[in-house]
Structure formats: structure tokens, C-alpha cells
1. Name the residue, out of GLU80, GLU95, GLU108, that is surrounded by fewer than 18 Cβ atoms within 10 Å (Cβ to Cβ), farther than 13 Å from ASP25 by Cβ, free of Cβ contacts under 8 Å to residues at least 60 places away in the same chain and not aromatic (Phe, Trp, Tyr).
2. Do any strands (runs of 3 or more DSSP E) entirely within the range 209-328 hold 2 or more residues that are charged (D, E, K, R), and if so, which?
3. Output the residues belonging to the range 132-146 that are exposed (fewer than 10 other Cβ atoms within 10 Å of the Cβ) and within 13 Å of GLY162 (Cα to Cα).
4. If you scan the range 180-203, which residues turn out to be in contact with a helix residue (DSSP H, G or I) (Cβ under 7 Å, 6 or more places away or on another chain) and of a type in the set (Lys, Arg)?
5. Does ALA132 qualify as being in a strand (DSSP E or B), touching a strand residue (DSSP E or B) at 6+ places or on another chain (Cβ under 6 Å), in contact (Cβ under 8 Å) with a residue 40 or more places away in the chain and under 18 Å from HIS231 (Cβ atoms)?
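Derivation of every value follows stated rules applied to the coordinates shown; laboratory data play no part. Everything quoted here is computed from the prediction, not taken from an experiment. Positions of Cβ are backbone-derived with ideal geometry, glycine not excepted, and every protein chain shown enters the neighbour counts.
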Amino acid sequence: MHTKKPKGSSPENWIDFRELREKLDFGAVLAVYGVELHATDRKGQARVACPLPGHAERRERKTFSANLSKGIFRCFGCGESGNAIDFAVLMAGLEKGNGSHVRQAALELRERFIKGVSVRKSEPECPRVVNAPLGFELKTLDPSHAWFAKNSLTRETVGHFGLGYCSRGALKGKIAIPIHDDSKTLIGYAGLPTDEEIARTESSQYVYPEDRKVQEAVQGFDRSRVLYHGHEIARSVNRLYVSTQCHEAWWLWQCGFRNVVALMNEAYSPDQAEQVLLLTTPDSEIRFLHAGEPLPPEGMKEMIVAVARNRRCRWLNFRVGEAPITGLP
């Protein structure tokens, strides 16, 4: 558990990221960067050539998919995805995994597009505690919701991961996903909307806990410091499977690959790399997996390079929802 003072404590520099995402017109943001959407379908989806500066493929193909109603995007060429703020970060040549870069882009978007987004009144600084014990559990989750059967997740899988449909509160209408630290302490709940099939789920659809004030401290959540499902893995396993997202871990576990963890993050994290090493031995093999992509995301590439200095590593891809999974002995 880490404690530090919040950065950018002045009223002008504090920003409500959720409110900003909700108020931003993604179409207007795209237009500023010269992205012209000639037509969208009834769901607000459109495809164009990828405008991202890090896109290495030919730009003649329309690989960049933007959903204006949800304010999210994904390029099926370079693999980048995210929301309007992430898009602005990438267009500026910055890094999505760098908190100061994200804040910088968000402040510029607020200044340019939004009037009236919340600005905090001056108040004394509070210490920020990251990944603290949550202190409560969600008691009314529905583990028998039709979404699980529709996506071929068994009762055993749902029960093992503690999943359930949430009908109230901040995660209303979403699948609630309990997250524990390596001491098996509950530190938060992630959320996954139920309007997409699991095989089509993208990382940008996940909702993670936001900062909240508890007594005289601000409690925050940092997914880059915890391995999802890592608390269920015994130390010194012979083989560890590392996936990118939670739903990938569910499917792999259900297919028999029980020593599986998820990064919940496409950016490289030294903390997670260290935890991967702690779960294994020098003689262990670590298999990195990502659903449906021929190559790993950049963050996972960095993870493989870092871990491969001390462990045998392999990269494999698979498809969520298809069984049996082959090539993962």
C-alpha cells in the first residue's frame, strides 16, 4: 500500500475525468485532428484510415473504428484503443500509461472543448492511499444473470472469480469484478458492460474504481500495481499464463489453464513484472497471451523483454469464446 500527496492540487489543475469523458463530443475531438467521418451506422460507428502517429501500417486501409455514441475507438491495424482522452494523448505523441501525460491532455481538452466542467474549490491537501482495503463487499450481485450463459461462462467460473451482475450503484448495469491484492484483500471492483459479447470486448470498455475521499485521506486504485487473479496463484508455479484483460483470464481458467493472471493494462508496469517473477521460479515458463491479435500490445512486449531476462517466455494468441484452446500445453 502506497501513500503520497496528490499531484496538481491547485483548483485549476484538478479535473473530473469521468465528467470530462461524458461531456466531450468525440466527433468534435476527431475533427480538430483532421479526422473526417463521412458516415456512421445506427450505433454511431464509423471507420477511417488510422490517424495515430504511431501507426506503422499503410494508411490506405480503414482500420480505425470510432464509436461516437460511446466515445471510444480502436485501430485494428496498430492495436491502439481507448476513449477521447486516450486519443488526444496518442495524437500528441504521449503515453497512455503515463499519468502526467493523461492529465496534460485532459486539461487541454477541457480548455478547448468544455465550459463548466467541475473545478474543485480550494481545500487542504489530503494524503492519497493507493489500493487500500475496500472495507465492504457488494452483497446483491446476481451470478445467474443471462449474460454469463450467453457468453458460455459456467457457474463454476463465475463463482470462482466472484462475478455478478450489478443492479445498483456506480456499477449498475455492469458485471462487477472483484479485485484482490496479493494478500487476498479486496481492494475494489471493476465493471464490464453487458451490451457486447465477451469475444468482442475491448479494454476501453472496462470501468475501474475512481478516487474517493475516506475520512482524512483520498483512496485511489492503481491497476498497474496488482495482478488480477494473482491472489489465487500459489508461489513457485512451473508455468504461468499472463493475459491482458480480465475476461481473457476467465476463459483461459475455464479451459483448464488455472495458473492465469491478467494485467488489466496494456501499458508496461514494473510492479506487475516483479509480481510475475515472485509467482514463478528461475525454472518456470511464462506464457503471455492476448486474444485475437497476431502480435502483443506494446506494453506486453516490454513486459516480455523485462521478464525474459530471468524466465523462459513464450508469446501466444487465442480467441475468447472458442474451445478447446490448442497450443497451450
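1. GLU108
2. Qualifying strands (runs of 3 or more DSSP E): 212-214, 280-291, 312-318.
3. LYS139
4. LYS184 - this is the single residue of the range 180-203 that is in contact with a helix residue (DSSP H, G or I) (Cβ under 7 Å, 6 or more places away or on another chain) and of a type in the set (Lys, Arg).
5. In short, no.
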